[in-house]
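Only one structure is covered here, and it is reproduced in the block below.
The values are calculated or read from the model by the stated rules, or taken from the named source; none is laboratory data. Please read these numbers as outputs of a predicted model, since none were measured by experiment. When we count neighbours, we look across all protein chains shown, and the Cβ atoms used for this are built from the backbone with ideal geometry, even at glycine. Accessible surface is based on the protein model in full, side chains and every heavy atom, while ligands, DNA and RNA are left aside. Shrake-Rupley method; radii C 1.70, N 1.55, O 1.52, S 1.80 Å.
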Amino acid sequence: MASRFEDPALGHRLSFSLAERDGEPVTKVEMWVRPGGGVPPHVHPSLEEAFEVLEGRLEVLAGRTWHEAGPGETVVAPPGTRHAYRNRSETETHAVCWTSPPSELLEGFLG
């Protein structure tokens, strides 16, 4: 499962791979989000997503609250939690979304 794709409508490039985080298998989604890019609110009933910002700023909705995160910060959306992300800055944001348990369905959902 190592693949990449770009979605001009959502303003992001994504790269999917299987990885380990804290000794557990996860899906690693590397994200480059253009200014104005992001995804609308949605729910994954059985997946946890942890959005870790590497460069830039990312706003992440987890439940009813938007959290602004910068480099080195992570926002977690537990399973069944309404979530989204967006880049309201003027520069591209580079982040990683760690998804557990690993799921190839996520790639189909976002790709």
Before we move on, is residue 16 at pLDDT below 95 and within 24 Å of residue 3 (Cα to Cα)? yes
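Considering each residue of segment 75-101, count those that are loosely packed, with under 15 Cβ neighbours inside 10 Å, at pLDDT 95 or above and of a type outside the set (Lys, Arg), and give that number. Spell out how you get there, then give the answer.
Initially, segment 75-101 is screened for residues loosely packed, with under 15 Cβ neighbours inside 10 Å, giving 78-80, 82, 88, 90-91, 101.
Still in the running and at pLDDT 95 or above: 78-80, 82, 88, 90-91.
Restricting the remaining residues to those that are of a type outside the set (Lys, Arg) gives 78-80, 90-91.
Number of matching residues: 5.
How many of the residues in segment 1-42 are part of a strand (DSSP E or B), of a type in the set (Gly, Ala, Ser) and either touching a helix residue (DSSP H, G or I) at 6+ places or on another chain (Cβ under 8 Å) or open to solvent by 40 Å² or more (accessible area, probe 1.4 Å) (or both)? It would help to see each step written out before you state the result.
Of all residues in segment 1-42, those part of a strand (DSSP E or B) come to 3-7, 12-21, 24-33, 38-42.
After this cut, where a residue has to be of a type in the set (Gly, Ala, Ser) as well, the list is 3, 15, 17, 19, 38.
Right, trim to either touching a helix residue (DSSP H, G or I) at 6+ places or on another chain (Cβ under 8 Å) or open to solvent by 40 Å² or more (accessible area, probe 1.4 Å) (or both) and you get 3.
Residues meeting the conditions: 1.
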Count, please, the residues in segment 46-66 that happen to be assigned to a strand (DSSP E or B) and over 15 Å from residue 98 (Cβ atoms). 5
Log entry, pairs with first residue in segment 7-27 being within 19 Å of residue 92 (Cα to Cα), second being open to solvent by 90 Å² or more (accessible area, probe 1.4 Å) and assigned to a strand (DSSP E or B), beta carbons closer than 9 Å, six or more apart or on different chains, reads 12/6; 13/4; 13/6; 14/4; 14/6; 15/4; 16/4
